[in-house]
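Here the structure is laid out as structure tokens; the discussion comes afterwards.
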Amino acid sequence: MKIQQTNSNSLFENIAELLNEARRTVLRSINKTMVYTYYEIGRMIVEDEQDGKDRADYGKQLITDISKKLTMEFGKGFSVTNIKQMRSFYQIYSKGQTLSDEFNLSWSHYLKLMRIDDENERRFYEIESYKNNWSLRELQRQYDTALYTRLALSRNKDEILKLSTKGQILEQPQDAVKDPYILEFLGLNEYSEYSESDLEQKLIDKLEHFLLELGTGFTFVARQKRITFEEKHFRIDLVFYNRILKCFVLIDLKIGELKHQDIGQMQMYVNYYDRKMRLQDENKTIGIILCQDKNEAVVQYTLPENNEQIFASKYLTVLPSKETLKQLLENN
């Protein structure tokens, strides 16, 4: 009897998953059709406007008339504002985009993307939204925290172009590092007092959010990972693994200004993982020190010139204003 119950539960779960996937497929299909339809409506309006371009008020009157007639025929969703958005959608995306021919995102996503003036930046967020299955809220957060700018500042012109055509590609350790990291999801006030253990616990509590901020390919491995040699014990705050780079990523949390001893400690952790934990087919370990403040000269002269493993990045616990974030990025 127990075996039958177990089989019944398993069968139910399989059928439920099949039905849920069918629903998701139907929703994706409906969404794709709707977005493509709005694109076509925009195209038809633009082409009609072009035919009547000698009349100054033609376009404005056309949209008003179309809005009234469509609303009478099909109900809500065809206000003058919505019709204008469809027209803008065609005008922006008829120029040729990376994923736009397939329209893989929701209409709400495209409404947000259309408000991004820079074409390269817009393409980047479109690609990353699709690759990482970002919700509209996550897209908004990544835009508000200037993800594109944070990544672009550490790249040359060719690499920036890659961001707009392929999104974030992890090919070397530097590609996985941001500066600063924005941790506003922790709910910590800018001037609140907290310990390193408090910060660590907050990150664990909001691990899903932290993984999104870390970026593509990260999986959580351990917290307070103890390593021992010569009867001395040390603990690494957070250990992750990046599936794309095929390497461990160690994170140490520091309150206040970064000291050269902190960098030396991370170097020890990285060396230990490279020599004791890393497999032959894995790449060298990356160490990231998250700190509230850092002196670039201390980082530069503590680390070797050919350093490709140890990185120091600031973190912010509140979402800064665009002006503050821009200034911060320019000073890095």
task = State the number of residues belonging to segment 282-312 that are touching a Cys at 6+ places or on another chain (Cβ under 8 Å) and either basic (K, R) or more than 17 Å from F218 (Cα to Cα) (or both).
result = 2
request  = List the number of the failed condition for I169; all other conditions in (1) surrounded by 16 or more Cβ atoms within 10 Å (Cβ to Cβ); (2) in a loop (DSSP other than H, G, I, E, B); (3) of a type in the set (V, I, T) hold.
outcome  = (1)
message = Condition (residue is farther than 17 Å from L250 by Cβ, in contact with a Leu (Cβ under 8 Å, 6 or more places away or on another chain) and in contact (Cβ under 8 Å) with a residue 60 or more places away in the chain) applied to segment 201-214: is it met by at least one residue?
response = no
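Here is a yes/no grid of residues against (1) in contact (Cβ under 8 Å) with a residue 24 or more places away in the chain; (2) touching a Ser or Thr at 6+ places or on another chain (Cβ under 7 Å):
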{"position": "R223", "(1), (2)": "no, no"}
{"position": "C247", "(1), (2)": "yes, yes"}
{"position": "L253", "(1), (2)": "yes, no"}
{"position": "L258", "(1), (2)": "yes, no"}
{"position": "I263", "(1), (2)": "yes, yes"}
{"position": "V270", "(1), (2)": "yes, yes"}
{"position": "G287", "(1), (2)": "yes, no"}
{"position": "C291", "(1), (2)": "yes, no"}
inquiry  = Just to be sure I understand the filter: pairs with C-beta atoms under 7 Å, separated by 6 or more residues or on different chains, first member in segment 172-184 and among the basic types (K, R), second member in a strand (DSSP E or B). Which pairs pass?
reply    = K178/S313
key: Only listed residue being within 26 Å of the chain's Cα centre (by Cα) and open to solvent by 40 Å² or more (accessible area, probe 1.4 Å), chosen from Q261, Q300, Q292   = Q292
query = If we keep just the residues of segment 125-151 that are among the aliphatic types (A, V, I, L, M) and assigned to a helix (DSSP H, G or I), which is most open to solvent (accessible area, probe 1.4 Å)?
reply = L136
request  = Please state which of the following conditions I227 fails to meet, knowing it meets all the rest: (1) more than 16 Å from I289 (Cα to Cα); (2) within 23 Å of the chain's Cα centre (by Cα).
outcome  = (2)
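The values are calculated or read from the model by the stated rules, or taken from the named source; none is laboratory data. The model shown is predicted, which means the values in this text are computed figures rather than measured ones. Don't worry about glycine lacking a Cβ; one is built from the backbone with ideal geometry, like all the others, and counts go over all protein chains shown. In case anyone asks, the SASA skips ligands and DNA or RNA and just uses the protein heavy atoms, side chains included. Shrake-Rupley method; radii C 1.70, N 1.55, O 1.52, S 1.80 Å.
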